[in-house]
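A.B. asks: Quick one: the structure is below, and I'll ask about it shortly.
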């Protein structure tokens, strides 16, 4: 069933968040994912490149089970950006990993990152980490982030014949 508008209940939840500018950022609960999903899919489509680890359908499945978290930035009633995060537990620490960010108006929503930090701390995380392109190093350094290591990959699919 395709939904053409965000439900009134989701609008009410989203409008209750007041941080920073007229741009509001909210963590969407799993039960509200279907109400906003059609507005988020166009923002997820850039993730579908040759490096893709997750399809849009995979994101939906993990978001609905609560294994991943959907954050949206809204102005008026329009979703202008989204972010997907998940918890990652290492032997010595738990982190909130940001695995996807897309949208417009970053200067209007990035100032809301402290609420993401609060969410991480409330859930026992001691670090945030971002899986993203090299450009994020430059963007996030102004927000007290540092690049600790790089992940370097090699495509082996050509050898699978």
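A.B. asks: Please verify whether residue 143 is at pLDDT below 85 and on the phi < 0 side of the Ramachandran plot, treating the condition exactly as stated. Spell out how you get there, then give the answer.
C.D. replies: Working: at pLDDT below 85: yes; on the phi < 0 side of the Ramachandran plot: yes.
Yes: the conditions hold for residue 143.
A.B. asks: Picking from 31, 77, which residue would you name as being surrounded by fewer than 16 Cβ atoms within 10 Å (Cβ to Cβ) and either under 30 Å from residue 157 (Cα atoms) or at pLDDT below 90 (or both)? Before you say what the answer is, go through the steps one by one.
C.D. replies: On the way: 31 fails: either under 30 Å from residue 157 (Cα atoms) or at pLDDT below 90 (or both).
The unique qualifying residue is 77.
A.B. asks: May I pose another question? Filtering the stretch 88-108 down to residues that are in contact (Cβ under 8 Å) with a residue 40 or more places away in the chain and over 20 Å from residue 122 (Cβ atoms), which residue is surrounded by the fewest Cβ atoms within 10 Å (Cβ to Cβ)?
C.D. replies: Among residues in the stretch 88-108 that are in contact (Cβ under 8 Å) with a residue 40 or more places away in the chain and over 20 Å from residue 122 (Cβ atoms), the one surrounded by the fewest Cβ atoms within 10 Å (Cβ to Cβ) is 105.
A.B. asks: Out of (1) in a strand (DSSP E or B); (2) closer than 16 Å to residue 28 by Cα; (3) modelled with pLDDT of 90 or more, what's the single condition that is false for residue 119?
C.D. replies: With respect to (1) in a strand (DSSP E or B); (2) closer than 16 Å to residue 28 by Cα; (3) modelled with pLDDT of 90 or more, residue 119 is out only on (1).
A.B. asks: Do you know which of the residues in the stretch 129-140 that are out of contact with any helix residue (DSSP H, G or I) (no Cβ under 6 Å at 6 or more places or on another chain) and either modelled with pLDDT of 80 or more or not in a helix (DSSP H, G or I) (or both) is farthest from residue 85 (Cα to Cα)?
C.D. replies: Checking each candidate, the answer is 134.
A.B. asks: Sticking with this structure for a sec: Just to be sure I understand the filter: pairs with C-beta atoms under 6 Å, separated by 6 or more residues or on different chains, first member in the stretch 29-50 and under 23 Å from residue 119 (Cα atoms), second member assigned to a helix (DSSP H, G or I) and at pLDDT below 80. Which pairs pass?
C.D. replies: The qualifying pairs are 32/10; 35/10; 36/10.
The values are calculated or read from the model by the stated rules, or taken from the named source; none is laboratory data. The model shown is predicted, which means the values in this text are computed figures rather than measured ones. Note that each Cβ is placed from the backbone with ideal geometry, even for glycine, and that neighbours are counted across all protein chains shown.
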